[in-house]
1. Count, please, the residues in the stretch 214-236 that happen to be open to solvent by 40 Å² or more (accessible area, probe 1.4 Å) and either modelled with pLDDT under 90 or assigned to a loop (DSSP other than H, G, I, E, B) (or both).
2. Would you tally the residues in the stretch 253-297 being outside any helix (DSSP H, G or I) and either under 16 Å from P43 (Cβ atoms) or among the polar types (S, T, N, Q) (or both)?
3. In the stretch 73-83, which residues are in a helix (DSSP H, G or I) and either more than 23 Å from Y39 (Cβ to Cβ) or in contact with a Phe, Trp or Tyr (Cβ under 9 Å, 6 or more places away or on another chain) (or both)?
4. Is it the case that some residue within the stretch 187-209 is modelled with pLDDT of 85 or more and more than 27 Å from Q342 (Cβ to Cβ)?
5. Looking at this structure, is D306 modelled with pLDDT of 90 or more and acidic (D, E)?
6. Could you tell me which numbered condition D335 fails, if it satisfies all but one of (1) touching a Pro at 6+ places or on another chain (Cβ under 8 Å); (2) part of a loop (DSSP other than H, G, I, E, B); (3) open to solvent by 10 Å² or more (accessible area, probe 1.4 Å)?
7. Do we find a residue being closer than 17 Å to F146 by Cβ and either open to solvent by 20 Å² or more (accessible area, probe 1.4 Å) or polar (S, T, N, Q) (or both) anywhere in the stretch 352-374?
8. Just to be sure I understand, how many residues within the stretch 34-74 are under 19 Å from the mean Cα position of the chain (by Cα), small (G, A, S) and either at pLDDT below 80 or open to solvent by 30 Å² or more (accessible area, probe 1.4 Å) (or both)?
Amino acid sequence: MTRPRDPSPPARRAKWLTPNVRVLSGVSLLQDTASELLYPILPIFLTVTLGAPVAVVGVVEGVAEGIAALTKIVAGRLGDRYAKRPLIAAGYGLAAVGKVLLAVAGSWPLVLAGRAVDRVGKGIRGAPRDALLMVDADPAYRGRIFGFHRASDTAGAVLGPAIGLGLYEAFDHAIRPLLLIAVVPAVLSVVLVAAIRENRTPARVSPAAVAGAAASEPLPSRLRLLIGALTVFSLVNFADALLLLRAYELGLSTAGVICAYICYNIAYAGLAYPAGALSDRIPRHLVFALGLVCFAVGYIGLGLVDSPAWVFLVLPIYGGFAAATDGVGKAWVSDLAPPLRQAAAQGLYQGLTGGAVLIAGIWAGLAWQGTGQLPLLISGVIGLALAAALVVGGRHLAPAVPETAVAR
């Protein structure tokens, strides 16, 4: 059921691209440029340069995401009680430190430490940042706001690998210099945090009273059910590093893997905003289900193909999964969360799903055995089944009271 149209679209249109949306999107773009410069080469760095077994790739990424998951839950609760901007600054600062550790790593345990520090930073900043995206913004535009932020974030995931590919060739296929260069945009993202706005508690309302109200207000049952359902799905959504490893095993060179990853992120960045805006017009569960179909095509496709050329078709389709679920999922959680529990709700959602990714990374890494077809096919089939379940029953997870306005 679509929401009623806004009678004055020009006035409302300015209510979504707020200063915070622009600044936080810029911060995420810089940080993701740094992170994604490294991400497609890390599996190769671990297995080829450092000589780690394939299972270590899944364990490193799974443990890193698990640490981020636990941190997100704590940071979400803190974000509803205290100032959010210092948490965001600390999160991006730790991410920069984590990249320094990767640059000097001589063995896979130090890579794990670097990824862990980086993900602690991600966990600290995520929920407070997502809550501040809605400062001064019209709630009817949640999908558009989160979609724009994800598109900007993922634009960094296009720039980062593109820069990395150019430098990889310029440095005669040396990987370690790329690890050092990635520190620069990470530091710049920390500097930009100073421009974030945060509403202060009115003088007549004490911060302690607001904190107490936030802590005592329960999360609605629909929200808890939604988070539970998305957590179950995350148990089969293992780290993308394993998908890139599959591309490498199919015969792509390191440069080819980076190019394929760029194609994936172009699709993700290009579709994230339209998917978010679409979810402001039609039920979010339908957009999310469409994303799960793209997930199934991506995983099953990579599991079945036997030629590296197919990677350049399958990975962009898989990009539609992230575009239709990442920002849309956060907007969906925001729809159902009470005003004083926005950061806690985002932290719980991102924390539990991240913890499930930890489990997914471990079981998929251990079950990889050669080409990785089995875990890819298992996850793809389950993803398709969950998409069908959302189409049939997702309306029960919609907000009890529809928004009063809709984005034009």
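1. Quick first cut of the stretch 214-236, residues open to solvent by 40 Å² or more (accessible area, probe 1.4 Å) only: 215-218, 220-222, 224-225, 229, 232, 235.
Subsequent filtering for residues that are either modelled with pLDDT under 90 or assigned to a loop (DSSP other than H, G, I, E, B) (or both) retains 215-218, 220, 235.
Total satisfying the criteria: 6.
2. Total meeting the criteria: 1.
3. Within the stretch 73-83, the first condition is being in a helix (DSSP H, G or I), and the residues that meet it are 73-81.
Passing the criteria: I73, V74, G76, R77, L78, G79, D80, R81.
4. yes
5. Working: modelled with pLDDT of 90 or more: no; acidic (D, E): yes.
Here the answer is no, as D306 does not meet what is asked.
6. Checking D335 against (1) touching a Pro at 6+ places or on another chain (Cβ under 8 Å); (2) part of a loop (DSSP other than H, G, I, E, B); (3) open to solvent by 10 Å² or more (accessible area, probe 1.4 Å), the one that fails is (2).
7. Among the residues of the stretch 352-374, at least one is closer than 17 Å to F146 by Cβ and either open to solvent by 20 Å² or more (accessible area, probe 1.4 Å) or polar (S, T, N, Q) (or both), which makes the answer yes.
8. Summing the residues that are under 19 Å from the mean Cα position of the chain (by Cα), small (G, A, S) and either at pLDDT below 80 or open to solvent by 30 Å² or more (accessible area, probe 1.4 Å) (or both) in the stretch 34-74 gives 6.
The values are calculated or read from the model by the stated rules, or taken from the named source; none is laboratory data. All values reported here derive from a predicted model rather than from experimental measurement. Positions of Cβ are generated from backbone atoms using ideal geometry, with glycine treated the same way; all protein chains shown enter the neighbour counts. Remember, those area values only see protein heavy atoms, side chains included, never the ligands or the DNA or RNA. Shrake-Rupley method; radii C 1.70, N 1.55, O 1.52, S 1.80 Å.
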